[in-house]
Amino acid sequence: MEVGAGKVIFELRKQIQNLTSELQKLENDSKNIPELIQSTNLLRLNDHLLEVNKKRIELTSAYEQYSKELEKMISTVFDIQEDLKEILKTQSSLLSKPSKKRKTTTKSKKSKK
């Protein structure tokens with residue numbers, strides 16, 4: 001795992017929260033557009049929708065980066081898990097070998113008597 005991966009994920013999560021907040025504010029502001037001439041309102045609404053769309057694209061991008069970082073972290077965790085399984089298998093086989101030798105040595109002592 002890269003050093004600072006947790007920091008990257010934290011920053012991306014913070015960015016997602018900020019973008020979500022900004023998007024909610026923009027969506028709420030659209031309800032408060034004062035009534036003017038219909039064409040003016042349509043132009044303002046169009047600009048507003050462009051800004052909302054831009055924030056949605058940024059939010060989607062942040063989620064994409066966030067999920068990629070999480071996938072990297074999960075991949076690292078799975079690699080560590082596989083390494084630990086191999087270590088446990090090795091340790092288990094090492095522990096089981098001496099116990100077999102002990103049994104054979106006790107049998108040979110009994111047969112000598």
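The values are calculated or read from the model by the stated rules, or taken from the named source; none is laboratory data. Predicted model, so just to flag it, every value in this text is computed and none were measured. Here the Cβ is made from the backbone with ideal geometry for all residues, glycine too, and neighbour counts use every protein chain on show.
Brief remarks on what is shown
- Just so you know, in the range 52-76 the residues that are of a type in the set (A, V, I, L, M) and without any contact (Cβ under 8 Å) to a residue 60 or more places away in the chain include one that is nearest to LYS25 (Cα to Cα), and it is VAL52.
- Among the residues of the range 67-81, those that are over 19 Å from LYS14 (Cα atoms) and hydrophobic (A, V, I, L, M, F, W, C) comprise ILE74, VAL77, PHE78, ILE80.
- The one condition in (1) of a type in the set (Gly, Ala, Ser); (2) modelled with pLDDT under 90; (3) surrounded by 11 or more Cβ atoms within 10 Å (Cβ to Cβ) that SER39 fails to fulfil: (3)
- Checked across the range 25-35, the condition of being surrounded by fewer than 13 Cβ atoms within 10 Å (Cβ to Cβ), at pLDDT 85 or above and under 30 Å from GLY6 (Cβ atoms) holds for at least one residue.
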